[in-house]
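Student: One structure follows; several queries about it will come next.
The values are calculated or read from the model by the stated rules, or taken from the named source; none is laboratory data. This one's a predicted model, so the numbers in the text were calculated from it and none came from an experiment. Virtual Cβ from ideal backbone geometry, glycine too; neighbours counted across all protein chains shown. Please note that ligands, DNA and RNA were not included when accessible areas were found on the heavy atoms of the full protein model with its side chains. Shrake-Rupley method; radii C 1.70, N 1.55, O 1.52, S 1.80 Å.
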Amino acid sequence: MRQKVRQQLPKQRIKNFNEVSQGLSEEQAIAEAKRCLQCKQPKCIDGCPIGIDIPAFISFILQGRRREALWKIKEKNNLPAICGRVCPQEDQCEKLCLLNKKNVPINIGALERYAADCELDKSSVVSPRLAGECLMRKSEVRDSKVAIAGSGPAGLTTAADLAKIGYSVLLFESLHIAGGVLSYGIPEFRLPKVIVHKELEYIESLGVRLDTDVLIGRTLTLSDLFAQGVQAIFLAVGAGLPQFLAIPGENLGCVYSANEFLTRINLMKAYRFPEYATPINIGSRVAVIGGGNVAFDCARVAIRLGRQTQLVYRRTEKEMPARREEIENAKSEGLPFRLLTQPIKILSDKDGFVCGLECIKMELGAPDDSGRRRPVPVQNSNFVLDVDTVIVAVGQKPNPLLAKVTPNLKINPNGTIWVDENLMTSISGVFAGGDIITGADTVISAMGAGKKAAVEIDRYVRKLL
Amino acid sequence: MFKITNKERLAKDITKIVVEAPLIAKKAKAGQFVVVINDDKGERIPLTMADWDRQRGIITLILQDVGFTTHKLAAREIGNCIAHILGPLGHATEIKKLGQVICIGGGVGIAEILPVAGAFKQAGNDVVSIIGARNKELLILEEEMRAVCNELYITTDDGSYGRKGFVTELLKEILDGKTDKRANRQTHLIYAVGPIVMMRAVSDLTRPFRIKTIVSLNTIMVDATGMCGSCRCSVGDQAKFACVDGPDFDGHLVNFQELGKRVNQFKAQEQIIRDTL
């Protein structure tokens, strides 16, 4: 039987910000590892954007060699404790697992997390083989400097991969804490910040120099970096521009973008105000608009703040882009869904704060470009939701700041940075990857892009030598 | 860490601090701002740079002790370090040779127009400035302003120094051609920074004169890099982020009424934390 991770009970966890999932116990992990068929031609690896040798690490777990399991994972994945928690395995490795035919795929995510967590206090551990490889390659590129803008999953991955093969890596972050979306976006109860911190320590232990409070484009420009002797630059600045609905009332008090709400809570710790100085002002009845992972994160934060919370989504549950696991977790925490509901106006009280959300009912029409059935409004079905706080979680677009201040950096019509097949931008030696070239996507696809970027940057710099 | 190298009390509740921030000093331009975090549990607040020295790698910030964080910052001593400063942020003020430029600063807004007035002067403009405060004790940077302007006018609400009244009254006299020196001289640009009510009054006053009026918006911000949208404001029929699209905007297009409400969003929380001091 597929082992399920232990979880904090819903009625208990909605009162705290501690991690919901408690991971697998040792017995569970071994039992799960035993189920792995150790396929001769494992499909699961094809499903992993960074190609982890999954059967090999599972086999180490089965033998009780947990540290070697982690080394095996770390050959490919620099952030296993994070991936084990937030990767959508059901769409990747577990989807291709042979046992998925019977709907009982190996719980690969939980096993990855199990391996990663055992070494968390000693996360700088590098496997002897990897250390040997690093030493061998170091001499060739030792004097080569690479700068990376953005310390989210893409930037961290490229930084680690390049540092491992001997590059001197400068990693810049504009916020005061590194990690990008891992730090400001994903809440504590899904990804504890101590885990992010430990993984960051590991990246720094590889020799990466991390500089926070530096906004590339403003504090230092790309020309400044080249002038400092950097041979290549990787732009991994993410998709951080919040989208709004462009409906009346969106600038009222107590209307937040998901980014603002989550940044105040996760990065600035507003849920511990006034011990932490950043405030959050929300009423008692919260509507979260959207159906993606970010919307669910916002709703589950609001529940934990003790607020009566509902999710407003214009399609049905089936079309929700959020991970199944998050949808189920939210349901068991008592989050009601207002489906086929489109907000059209936010109502204002006399002081300029929210006092209601006017919506219209929708029905599903013909499929649109995304293959999902397009919601169309039902005439005269307007009604008002009695809420006093609105959180808009309808997606993020690529961050436009760097492009605006960097002449010659070619931008696509959708705001992403243009790159060639080798991830190089229109400026020679400047590469880009992750959400800034794809638009908002998952942590693991950003890491996949980071790995590819490291390979391309290495190839480019070696040509210069 | 960003070390405080100098500190001076300019007026009651207004403090000037000079901080080591070489990278920021190197890039700073008139009209730009920084985000400051006092300590590890601190909030991120935007502050305009009043001055900078590229050689010495320092920037000057002027704080009005109105909230929890500004109070904490003002209480820091020379030699202390501020946890984090990010910048320079926002677009620099567009400086061109235009002719006559009137710079208007109200209260601590005087600190913000100082580098802008200086830059307009350096670009060859005839710079007239009007600075105002509630009373004589609260008026700051008079000498510094005088040094970068062709003419400087002063108003105080209570008449304890300079002209009694608001900056707008004096501005109206200039625009009406009633001041001796300025008779019949065309004004090409007005740059105003101060309380929202002042910027609104200036914009309303200049609209019928059709004189381009730029205001610098000091909204609530968190990251200040375009990521949170806390600073959003309506300019004409467009939604703008003050942090990355501004902070300078056309005063004739800004929805000041909405802005006034947005900056008061956290008033209750500000009182709660202020009470912990």
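Student: For region A:404-411, what does the Karplus curve 6.51 cos²θ - 1.76 cosθ + 1.60, with θ = phi - 60°, yield as ³J(HN,Hα) per residue in whole Hz, taken in order and with x for Gly and Pro?
Tutor: 4, 9, 10, x, 6, 8, 6, 10
Student: Once you average over the residues of A:280-289, how many Cβ atoms of partner chains fall within 10 Å of each Cβ? Intermediate results must be reported in sequence, preceding the final value.
Tutor: Working: counts 2, 6, 0, 0, 0, 0, 0, 0, 0, 0.
Per residue, the number of nearby Cβ atoms from other chains is 1 on average.
Student: Assuming a ≥ b ≥ c are the square roots of the Cα gyration tensor eigenvalues, decide whether region B:149-277 counts as rounded (a/c under 1.5), prolate (otherwise, with a/b larger than b/c) or oblate.
Tutor: Details: a/c = 2.70, a/b = 1.55, b/c = 1.75.
Here region B:149-277 falls in the oblate category.
Student: For residue A:210, enumerate residues with amide H under 5 Å from its amide H, sequence gap 5+ or separate chain, H modeled in the peptide plane.
Tutor: Residues meeting the criterion, in which the H sits 1.01 Å from N, are A:171.
Student: Here's another thing I want to ask about it. How big is the charge dipole of region B:100-263 about its Cα centre, in debye rounded to the nearest 20, if each Lys and Arg gets +1 on its Cβ and each Asp and Glu gets -1 on its Cβ? Present the calculation step by step, with values, prior to reporting the outcome.
Tutor: On the way: 19 positive and 20 negative charges, 69 e Å.
Around 340 debye, computed over region B:100-263.
Student: Follow-up. Across the residues of B:258-268, average count of Cβ atoms on other protein chains within 10 Å?
Tutor: Values: counts 3, 1, 1, 7, 5, 1, 4, 10, 6, 4, 2.
Average per residue, whole number: 4.
Student: Hey, another quick one. Roughly how tilted is helix A:128-141, in degrees to the nearest 10 and between 0 and 90, from the longest Cα axis of chain A?
Tutor: 80
Student: Out of all DSSP beta bridges in region B:100-263, what portion is antiparallel? Express it as a percent rounded to 5. Intermediate results must be reported in sequence, preceding the final value.
Tutor: Values: 8 of 31 bridges.
That works out to approximately 25 percent antiparallel.
Student: Could you pull out the pairs from A:318/B:267; A:164/A:318; A:452/B:240; A:145/A:193; B:3/B:29 whose alpha carbons sit more than 31 Å apart here?
Tutor: Details: A:318/B:267 41 Å; A:164/A:318 43 Å; A:452/B:240 35 Å; A:145/A:193 29 Å; B:3/B:29 21 Å.
Flagged as over cut-off: A:318/B:267; A:164/A:318; A:452/B:240.
Student: Cross-link candidates for residue A:345: which aspartates and glutamates have Cα within less than 14 Å, leaving aside residues fewer than 8 places away along the same chain?
Tutor: Here the aspartates and glutamates satisfying the reach criterion relative to residue A:345 are A:250, A:358, A:386, A:388.
Student: Amide H of residue B:58 versus every other amide H placed in the peptide plane: which residues, excluding those fewer than 5 positions away on the same chain, fall under 5 Å?
Tutor: Counting only residues 5 or more places away or on other chains, the set is B:21, B:53.
Student: Calculate one ³J(HN,Hα) per residue across region B:209-215 by plugging θ = phi - 60° into the Karplus curve 6.51 cos²θ - 1.76 cosθ + 1.60, and present them in order as whole Hz with x for glycine and proline.
Tutor: 7, 6, 9, 4, 10, 9, 10
Student: Short version: ³J(HN,Hα) in whole Hz for each residue of region A:285-293, in order, from phi by Karplus 6.51 cos²θ - 1.76 cosθ + 1.60 (θ = phi - 60°), x for Gly and Pro, what are they?
Tutor: So the J values, rounded to whole Hz, are 10, 10, 10, 10, 9, x, x, x, 4.
Student: Normalising by the residue count of chain B, find the relative contact order in percent from Cα pairs under 8 Å and 6+ residues apart.
Tutor: Numbers: 612 pairs, mean separation 45.2, N = 277.
Dividing the mean separation by the residue count of chain B yields 16 percent.
Student: Something else now. For chain A, what class follows from the C-alpha gyration tensor (a ≥ b ≥ c being the square roots of its eigenvalues): rounded when a/c is under 1.5, otherwise prolate if a/b is larger than b/c, else oblate? List each step's numbers first, then the result.
Tutor: Values: a/c = 1.78, a/b = 1.28, b/c = 1.40.
Oblate.
Student: Which one, B:17, A:186, B:194, is farthest towards the positive end of the dipole of the protein assembly as shown when Lys and Arg carry +1 and Asp and Glu -1 on their Cβ?
Tutor: A:186
Student: Please give the charge dipole size of region A:389-463, origin at the Cα centre, charges +1 on K and R Cβ atoms and -1 on D and E Cβ atoms. Round to the nearest 20 debye.
Tutor: Numbers: 8 positive and 6 negative charges, 35 e Å.
It works out to roughly 160 debye.
Student: While we're on this one: Using the Kirkwood formula on the Cα atoms of chain B, what hydrodynamic radius do you get, in angstrom to one decimal?
Tutor: Radius from the Kirkwood sum: 19.0 Å.
Student: Over chain B, with the other protein chains present, what is the accessible area per residue in square angstrom, probe 1.4 angstrom? Please list the in-between numbers first.
Tutor: Values: 11710 Å² over 277 residues.
Here the per-residue accessible area is 42 Å².
Student: What average count of beta carbons from other chains do you get within 10 Å of the Cβ of residues in B:81-91? Don't jump to the answer; show the numbers that get you there.
Tutor: Details: counts 0, 0, 2, 5, 3, 10, 5, 3, 5, 1, 2.
Per residue, the number of nearby Cβ atoms from other chains is 3 on average.
Student: Around residue A:256, which amide H atoms from residues at least 5 apart in sequence, or from another chain, sit under 5 Å from its own amide H, with H modelled in the peptide plane?
Tutor: A:390, A:391, A:392
Student: Sort region B:2-89 into rounded, prolate or oblate with this rule: let a ≥ b ≥ c be the square roots of the eigenvalues of the Cα gyration tensor; rounded if a/c is under 1.5, and if a/c is not under 1.5, prolate when a/b is larger than b/c, oblate otherwise. It would help to have the intermediate numbers written out before the result.
Tutor: Numbers: a/c = 1.45, a/b = 1.33, b/c = 1.09.
Rounded, since a/c falls under 1.5.
Student: Okay, moving on. If you line up the long axis of helix A:108-118 against the longest principal axis of chain A, both from Cα atoms, how many degrees apart are they, to the nearest 10?
Tutor: That helix lies at roughly 60 degrees to the long axis.
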